[in-house]
Amino acid sequence: MEEENVLDDLSNVFIDENANDLSMLHETAVLLRKHIKQTNGLNNEYFSKAELQLEHQANFVHPLLMKFISWIADDSMPPVSDISINKKVVAVCSDITYLVTNVVTPKHLGLSIYLHHSFGSKKLIDDLHSHGYTLSYTEYRHFLTSAALHMASRQQLTLSGTKQIHVSK
């Protein structure tokens, strides 16, 4: 008799009232992760100034992730067609994309550029990188080197021997 009471008590421990919700969330996470993993970064290239703008950042993240985070953030639960670009949602989506893929996002590059330009602090960039907000300082330096090499490759000597930047149209 006493053994039956113990078993009844134990059976209550293993019943999870949220099991259905947890399995749905798990399925959603698996689906989103699969789509996020398809995000392609730029191979040995970086984003242009125009690509660092909010609209381009929103286009960089996977649309399903964007909709999902928008629905989490907005109490009114707008329909799929009414999702608008929200800076905070784009930032969270960029962070999730960077976390899942380690692909450089426009947000992470743009913030690194801004912080270095405004404060010139390696420690600040590396501290924010450790929290997932920016590129590492080393990655940022790779960007600067790449940008400098790109500009140098566009220079041409003029008749006077000075260098002039070639602008392609």
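The values are calculated or read from the model by the stated rules, or taken from the named source; none is laboratory data. In this text the structure is predicted, and so the values were computed from the model without any measurement. As a convention, Cβ positions derive from the backbone with ideal geometry for all residues, glycine included, and neighbour counts pool all protein chains shown.
Confirm whether residue 150 is more than 18 Å from residue 45 (Cβ to Cβ) and not hydrophobic (A, V, I, L, M, F, W, C). Break it down stepwise before answering.
Values: more than 18 Å from residue 45 (Cβ to Cβ): no; not hydrophobic (A, V, I, L, M, F, W, C): yes.
For residue 150, the condition - more than 18 Å from residue 45 (Cβ to Cβ) and not hydrophobic (A, V, I, L, M, F, W, C) - is not met.
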Discussion item. Anything in the range 114-169 that is touching a His at 6+ places or on another chain (Cβ under 8 Å), modelled with pLDDT of 80 or more and assigned to a loop (DSSP other than H, G, I, E, B)? List them, or say none.
Written reply: 133, 134, 135, 136
Worksheet item: Hey, does the range 73-84 have a residue that's at pLDDT below 70 and surrounded by 12 or more Cβ atoms within 10 Å (Cβ to Cβ)?
Response: yes
Worksheet item: Which of the residues that make up the range 101-128 are without any contact (Cβ under 8 Å) to a residue 24 or more places away in the chain, surrounded by fewer than 20 Cβ atoms within 10 Å (Cβ to Cβ) and within 22 Å of residue 40 (Cβ to Cβ)?
Response: 102
